[in-house]
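Everything on this sheet refers to the single structure shown next.
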Amino acid sequence: MEQRHLGRTGLRVSRIGLGTLTWGRDTDEHDAADLMKTFWEAGGTLIDTADVYGDGEAEYLLGQLIEGLVPRRDLVISTKAGSVPDPDRRFDGSRGHLLAALDASLARLGTDYVDLWHIHAFDPDTPLDETLQALDLAVSSGRARYAGVSNFCGWQLAKAATWQLAASGIRTRLASTQMEYSLLQRGVEREVLPAALDLGIGLLPSSPLGRGVLTGKYRNATPADSRGASEHLAPFVAPYLDDTATRIVDAVTTAADGLAVTPLQVALAWVRDRPGVSAPIVGARNAQQLSAALSVEALSLPDEICRALDDVSAPVHRYPDHDWSTL
């Protein structure tokens, strides 16, 4: 699998990453082992997790598979901290919480360091410089090699990245931002992606297949074994089952038929090759699904197909994103 630099850093990652959102909950240890082995044998290196996935079970399961199945040196492990199971406070970006969460993640993962550590979301109740200081301490102590943020909107990302570049002392440059991005969700193109491109920050798209909808599996019905049929994941899929999504999925399917490939391959190739993207993070239920996603390595979409998909999925961005004089 082709390797790419993560933003303006020396860290190289496989251009498809493996997500572990369902590990330890819907994905058991046997399926997780098959997924990791399939990913590694295909040349994949970037594995993404978080301290809240499966209430920590995803990290623990990943840690059990490291070394016994795949050498630690062959992996780029990314995890996140900052989301908390508190109905009164969804996010905790305080220095104390973040560093304690990182130590707990390392213990579950069974490793001395993570290659990439993300702040899971912006915390409006904690000064941003305090949150960012946790990144500096994590990297300076060797517990994380690189750092980034996740789910920061455009101004939040730009403020954080600029602070790290301009503040005095030894600061950790933001390497990446992880955001949802697909043909069904192009909101990052409004401000996040331009900021990331300008500041040299690599974009790691989550849900690059539109929460599974872009595979076409929901065109006629909801498969019984799909996330859309799952009690706890159905609300996650539901927003992308509207008429707008149907029109885009139909276009993806038409393109796939014309290229003699699958809708999954078309949708994943589109987002993988967007400007500023380092590696889409793919979640798969089993090794067969993952192999289908990894088969996109050989596919590059023709320019005319990309333009057609761009047109059918184009978000409405007017003032102030466009030159005001043209409006």
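The values are calculated or read from the model by the stated rules, or taken from the named source; none is laboratory data. On a predicted model such as this, the values are computed, not experimentally measured, just so you know. Positions of Cβ are backbone-derived with ideal geometry, glycine not excepted, and every protein chain shown enters the neighbour counts. Side chains are part of the model used for accessible areas, which takes the heavy atoms of the whole protein and leaves out ligands, DNA and RNA. Shrake-Rupley method; radii C 1.70, N 1.55, O 1.52, S 1.80 Å.
What about PRO280, is it of a type outside the set (Asp, Glu), crowded, with 21+ Cβ neighbours inside 10 Å and under 28 Å from SER14 (Cα atoms)?
Yes: the conditions hold for PRO280.
Checking the conditions here, which among THR9, THR45 is among the polar types (S, T, N, Q), open to solvent by 10 Å² or more (accessible area, probe 1.4 Å) and under 15 Å from the mean Cα position of the chain (by Cα)?
The conditions single out THR45.
Please enumerate the residues belonging to region 283-306 that are open to solvent by 10 Å² or more (accessible area, probe 1.4 Å), assigned to a helix (DSSP H, G or I) and within 23 Å of ALA196 (Cβ to Cβ).
CYS306
Of ARG186, ARG173, which residue is out of contact with any strand residue (DSSP E or B) (no Cβ under 7 Å at 6 or more places or on another chain), crowded, with 18+ Cβ neighbours inside 10 Å, closer than 30 Å to ALA238 by Cα and of a type in the set (D, E, K, R)?
Result: ARG186 is the single residue among ARG186, ARG173 that is out of contact with any strand residue (DSSP E or B) (no Cβ under 7 Å at 6 or more places or on another chain), crowded, with 18+ Cβ neighbours inside 10 Å, closer than 30 Å to ALA238 by Cα and of a type in the set (D, E, K, R).
Among residues belonging to region 117-145 that are open to solvent by less than 70 Å² (accessible area, probe 1.4 Å) and more than 25 Å from ARG89 (Cα to Cα), point out the one that is nearest to the chain's Cα centre (by Cα).
Per the criteria, the residue is ALA144.
Scan region 151-187 for residues that are in contact with a Pro (Cβ under 8 Å, 6 or more places away or on another chain) and not in a strand (DSSP E or B) and report the count.
4
Within region 89-111, is there a residue that is open to solvent by 30 Å² or more (accessible area, probe 1.4 Å) and at pLDDT below 95?
The answer is yes; a qualifying residue exists.
Give the residues of region 195-215 that are outside any loop (DSSP other than H, G, I, E, B), of a type outside the set (A, V, I, L, M, F, W, C) and touching a helix residue (DSSP H, G or I) at 6+ places or on another chain (Cβ under 6 Å), sorted by residue number.
PRO205, THR215
When you look at ARG171, is it of a type in the set (D, E, K, R), under 16 Å from the mean Cα position of the chain (by Cα) and farther than 22 Å from ILE47 by Cβ, yes or no?
Here the answer is no, as ARG171 does not meet what is asked.
Just checking, does region 264-273 include any residue being crowded, with 21+ Cβ neighbours inside 10 Å and among the basic types (Lys, Arg)?
Within region 264-273, one or more residues are crowded, with 21+ Cβ neighbours inside 10 Å and among the basic types (Lys, Arg).
Got a number for residues in region 216-256 being part of a loop (DSSP other than H, G, I, E, B) and among the hydrophobic types (A, V, I, L, M, F, W, C)?
4
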